[in-house]
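Read-outs throughout are calculated quantities, based only on the coordinates presented, and are distinct from any laboratory measurement. Since we're looking at a predicted model, the values are computed, not measured. All Cβ positions, glycine included, derive from the backbone under ideal geometry; neighbour counts span all protein chains shown.
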Amino acid sequence: MTFRNSFTIFAIAAAAFFPVMRAQEKDDKPIVRRPSLGVRFVYIGSKGFDTFSAQQSTTKPIADYNYSASTSKGRLRISPNVEYWLTARISLGLEFLFEHAQYTQTTEERSGKKDPNASTDTRPVTTTKETTKGSYWELPLMARYYGLRRYGILSKVYVAGGPAYRHIGNVRSGTEYQNANGTTDYNEIPTTPTSTNQVGFGGGIGIRFVDDYRIKITPELRVIRWLGHSFEGPSYRSAPYQYAATLGFSF
């Protein structure tokens, strides 16, 4: 499912809620200064890793290396959150998101000098396939400004922005070896992350509805720019941008 398709489904779902919801039209009501607890469904449409093909050569020993990688995208997660109102229009929300990231890198190593008279590369090949999974604990801290105008649909629209923190842990790796002499091998030595902690900055836009039972419903589109890379190798690196469509419910 592409991000565009997920956004379409997201918009239809939001529209279905609209007839049974009513928004608060006035922003001059007393502020209830208490935490608002909720949950947010988060569909991450972007890939966890940027992947590509790469080649390297060494002279000691004489060898050529071909790298290729793959990853997956499209992940639905559930994120509990807490929101605190600072003013009638500004709130501060903290979310707790847990997700898995995975990549697979395949390495072909051809050792020795290449025969210049051969039409194909006849050197022996050793193939290594490494699959690594890591657990991400993410804490976005988002300030939200509600009501771009006093009345009308823009009174329900809000913008959001703030920092985010990510911790990488519980790394699991499985590496398969197909040696040139026909033998095989396997190990589960975990790959060391490039960085176990990352910070980022995010921004988004959403709409806030309040139904007859005072449940706040907030569809939101968001992007987070992560600084640095959690994992990085010859044919992969963690994606710097994370795009998500979310749907929040709070009480």
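Phi angles across region 181-189 convert, under the Karplus curve 6.51 cos²θ - 1.76 cosθ + 1.60 with θ = phi - 60°, into 3J(HN,Hα) values of 8, x, 7, 10, 8, 7, 8, 10, 6 Hz, Gly and Pro given as x.
Put in order of Cβ neighbour count within 10 Å, fewest first, the listed residues D50, D211 become D211, D50. A value for semi-axes √(5λ) of the Cα gyration tensor in Å was derived from the coordinates, and within the list (i) 49, 17, 14; (ii) 39, 22, 15; (iii) 86, 31, 9 it appears as (i).
Axis of helix 3-17 versus longest Cα principal axis of the chain: the two differ by about 20°, to the nearest ten degrees. Its relative contact order, with pairs defined as Cα atoms under 8 Å and 6+ residues apart, puts the chain at 21 percent.
Only the Cβ atoms of Lys and Arg (+1) and of Asp and Glu (-1) were treated as charged; on that basis the dipole of region 57-141 about its Cα centre amounts to roughly 160 debye. Relative contact order of region 58-206, please, whole-number percent, based on alpha carbon pairs below 8 angstrom and at least 6 residues apart. Contact order relative to length: 21 percent. Within the chain, count lysine pairs with alpha carbon atoms under 21 angstrom apart where the residues are 8 or more positions apart or belong to different chains. Lysine pairs, 8 or more places apart or on different chains, close enough: 12. The sum of -39500 (n - 2.57) across all DSSP H runs of n ≥ 4, divided by the residue count of the chain, sets its helix-only mean residue ellipticity at 222 nm to -2000 deg cm²/dmol. For region 84-169, averaging the sequence separation of C-alpha pairs within contact (under 8 Å, six or more residues apart) and dividing by the residue count gives a relative contact order of 32 percent. Converting phi to 3J(HN,Hα) with the Karplus coefficients 6.51, -1.76 and 1.60 and the offset θ = phi - 60°, region 101-116 yields 10, 8, 9, 10, 10, 10, 10, 10, 10, 10, 9, x, 6, 7, 6, x Hz in sequence order, with x at every glycine or proline. Using a Gaussian network model of the chain in which every pair of alpha carbons under 10 angstrom is joined by a spring, one finds that among V159, V125, V223 the greatest mean-square fluctuation is at V125. Ranked by how many other Cβ atoms sit within 10 Å of their own Cβ, fewest first, the residues K113, K60, K129, K47 fall in the order K60, K113, K129, K47. Sparse packing (at most 16 other Cβ atoms within 10 Å of the Cβ) combined with a DSSP loop state is found for the following chymotrypsin sites (Phe, Trp or Tyr not before Pro) in region 171-216: Y213.
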